[in-house]
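Structure first, commentary second.
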Amino acid sequence: MHIAILATSERSWYADDLNRAATALGHCTSVVPFSNLTAEVCSGHSSVWGGGGELSAVDAVVVRTMPPGSLEQVVFRMNLLAQLEARGVVVFNPPRAVECAVDKYLTTARLIAAGLPTPETIVCENSEAGLEAFSRLGGDVVVKPIFGSEGRGIVRVSDPDLALRTFRTLERIDAVLYLQKFIPHEGVDLRVMVLDGRILGGMRRRNPLDFRTNVARRATVEPVELTPEQCDWAVRAAAAVGARLAGVDLLYDCGAGYVIEVNGVPGWKAFNRAAGCDMATEVIRTLAAGPPSPRH
């Protein structure tokens, strides 16, 4: 099969890793940066192009990034993915799952609807509402950009004056204020990888110098044996956003657990080392096997 990889650039490490796995399994790949995508709509025919070829004609497209952009750019990209899916191309993850997973508010709402434990969260658009939310959440909150990953733009605020300045700054740039009650966790969390409802493994991430435990923030990783409850939460969280592949983050405070985020484009460099897994091969094998069986 022919698999197109949507990446940040043609020299993406993940694109190289997927190409390695695909070649070993007898498949071919092409790498297409999102910025190179174009759409054609003419004579009753709609198609998507990129990397010198028609993406509408490939067997599968793997979304390996969703780069920052204007609202117009993000909406256009999501529409292109939906168009590819409508043409019968397997898009991995599905467009609706990517759309949900990159939106922290929508993800949190889906997690709550699925009955999963999440930290108290308030989302608003102005500094006055933000200050009221700050007080309601106990005066110690984590402020996150609704769109973002790898811990970028996340700040912890526990001082009322700093909170007001932070909220006013975000208000001036027309940002949405996403406030989550801070959960004390000593710089430790769990990342669980789920593929088509199957647990591939987990890793514990540690960063004693920062409440953000992302590997991009120099957290260290180690293998972890997951409990049945953790596996159940991770599978349900992935299903809540409709993701075939998901990195689910779990956080604990004095024994109480929370589902923090669902990453629909999870990295796996550190996970491979910690869990002894070959994620690229797992992804290619899954694509070659066809769509997952419907769950009853």
Q. Quick check: is even one residue across the stretch 243-253 at pLDDT below 95 and surrounded by fewer than 19 Cβ atoms within 10 Å (Cβ to Cβ)?
A. yes
Q: Out of the residues in the stretch 61-109 that are of a type in the set (S, T, Y) and over 23 Å from D16 (Cα atoms), state the one that is nearest to the chain's Cα centre (by Cα).
A: T107
Q: May I ask you to verify whether L190 is at pLDDT 90 or above, within 30 Å of I284 (Cα to Cα) and either of a type in the set (A, V, I, L, M) or outside the structural domain of F271 (by TED's automatic domain parsing) (or both)?
A: yes
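Across the stretch 154-183, what is the number of residues that are part of a helix (DSSP H, G or I) and either more than 26 Å from V259 (Cα to Cα) or of a type in the set (K, R) (or both)? Write out each step before concluding.
Filtering the stretch 154-183 for residues part of a helix (DSSP H, G or I) gives 160-172.
Okay, now just the ones that are also either more than 26 Å from V259 (Cα to Cα) or of a type in the set (K, R) (or both), so 160-162, 164-165, 168-169, 171-172.
Adding up the residues that qualify gives 9.
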Q. Is one or more of the residues making up the stretch 24-33 touching a residue at least 60 places away in the same chain (Cβ under 8 Å), touching a Cys at 6+ places or on another chain (Cβ under 9 Å) and within 20 Å of P291 (Cβ to Cβ)?
A. no
Q. Residues that are aromatic (F, W, Y): which helices (runs of 4 or more DSSP H) entirely in the stretch 90-153 hold 1 or more of them?
A. 104-113, 127-136
Q: Could you list all residues from the stretch 254-277 that are over 30 Å from D16 (Cβ atoms) and either crowded, with 17+ Cβ neighbours inside 10 Å or not hydrophobic (A, V, I, L, M, F, W, C) (or both)?
A: G255, G257, Y258, V259
**Q.** Pairs where the first residue, in the stretch 106-127, is within 20 Å of D174 (Cβ to Cβ) and the second is in a loop (DSSP other than H, G, I, E, B), C-beta under 8 Å, 6+ apart
**A.** I122/L137; V123/I146; V123/V176; C124/V176; E125/V176
Q: Have a look at L137, L81, L131, L111 and point out the one that is assigned by TED's automatic domain parsing to the domain that holds V248 and surrounded by 15 or more Cβ atoms within 10 Å (Cβ to Cβ).
A: L111
Q. Hey, among the residues in the stretch 252-282 that are over 26 Å from E229 (Cβ atoms) and in a helix (DSSP H, G or I), which one's farthest from the chain's Cα centre (by Cα)?
A. T281
Q: Exactly one condition in (1) in the same structural domain as D249 (by TED's automatic domain parsing); (2) surrounded by 20 or more Cβ atoms within 10 Å (Cβ to Cβ); (3) in contact with a Gly (Cβ under 8 Å, 6 or more places away or on another chain) is not met by P208; state its number.
A: (2)
Q: Provide a single number: the residues in the stretch 189-204 that are touching a residue at least 60 places away in the same chain (Cβ under 8 Å) and among the aliphatic types (A, V, I, L, M).
A: 5
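The values are calculated or read from the model by the stated rules, or taken from the named source; none is laboratory data. Only a predicted model underlies this, so the values are computations on that prediction, with no experimental measurement involved. When we count neighbours, we look across all protein chains shown, and the Cβ atoms used for this are built from the backbone with ideal geometry, even at glycine.
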